[in-house]
Amino acid sequence: MNTVTKAYLRFPIARRIEHWVMMLSFTLLGLTGLPQRFPEAGISQAILGALGGIQGVRTIHHTSAIVMMFGTAWHILVMGYSVFVLRDKMSMLPTLQDAKDGLQALLYNIGFAKTYPQMGRYTFEEKMEYWAFVWGALVMGATGFMMWNPITATKFLPGAFVPAAKAAHGNEAVLAVLAIIIWHMYGVHIKRLNKAMFNGMQTEA
């Protein structure tokens, strides 16, 4: 018997465009940032050579950072309009149910629960990723600005903040890239084959 699987619109075209902009800018930031963090690695030297040396890499890195910051600002404006003007529900805010779902998922994964939690439109994992991105954007934006404009930064902050910003920026970058590759790419696009951010649709299953 042929059955028709129902599909629903999960992300409209505006959200998908926003995702592509952030994804591409993030990829370029990682591709040009990590070679600066680990300049002696062979692959770093290959990337530096292919992109015109350190100046070319920094130009691409700074341009991508500007794009990501504008994308972040746009997202804040859109979400602000959605919540405060249209009075939409703040569905990405963590709740007690998310903690319960996380606990049940843990128990299921280690064999102490029989079923995986049935969650709403946004799971506790997706909310964690969302707020991790918010935190990362704030940290990377602030520390990146201090590194890019050290003279301006030291007019308002002690000089020690600049090397501290460099350390925080590099370590947060490594964490962010690993989180995207290991958690997001595997959990969303490989394990579940979720194509909602590309075609906008989510199956009923």
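What do you get for the angle between helix 161-178 and the principal long axis of the chain? Use alpha-carbon atoms, 0 to 90 degrees, nearest ten.
The helix 161-178 is inclined about 40 degrees to the chain.
To check my understanding: the extent here is largest minus smallest coordinate of the Cα atoms along each principal axis. What are those three numbers for segment 90-135, in Å, largest first?
33, 18, 15
Say the dipole of the chain comes from +1 at the beta carbon of Lys and Arg and -1 at that of Asp and Glu; which of MET128, THR152, LEU48 then lies farthest toward its positive end?
MET128
How many percent of the accessible area of the chain is carbon or sulfur, using a 1.4 Å probe?
Accessible surface attributable to carbon and sulfur in the chain totals 71 percent.
Only loop residues by DSSP count here, and only those with at most 15 other Cβ atoms within 10 Å; note down the chymotrypsin sites (Phe, Trp or Tyr not before Pro) in segment 83-123 that meet that.
PHE112, TYR122
Which distance in Å, rounded to a whole number, links the C-alpha centroids of segment 71-94 and segment 3-59?
A separation of 25 Å, based on Cα centres.
Consider just the alpha-carbon atoms of segment 37-168 and return their Rg together with their Dmax, both in angstrom.
20.7, 59
Just to compare against my own numbers: the Cα pair-distance distribution for segment 114-173, 10 Å bins, whole % per bin, please.
Reading the bins upward from 0: 21, 35, 19, 14, 9, 2.
Helix 124-148 against the longest principal axis of the chain: what's the angle in degrees, Cα atoms only, rounded to the nearest 10?
Between helix and principal axis, roughly 10 degrees.
Tell me, what is the FRET efficiency for TRP135 and VAL85 to the nearest 0.05, using R0 = 30 angstrom and their Cβ-Cβ distance as r?
After rounding to 0.05, the efficiency reads 0.70.
The values are calculated or read from the model by the stated rules, or taken from the named source; none is laboratory data. Predicted, not measured: the structure shown is a model, and the values here were computed from it. Reconstructed Cβ throughout: ideal geometry from the backbone, glycine too, with neighbour counts over all protein chains shown. In case anyone asks, the SASA skips ligands and DNA or RNA and just uses the protein heavy atoms, side chains included. Shrake-Rupley method; radii C 1.70, N 1.55, O 1.52, S 1.80 Å.
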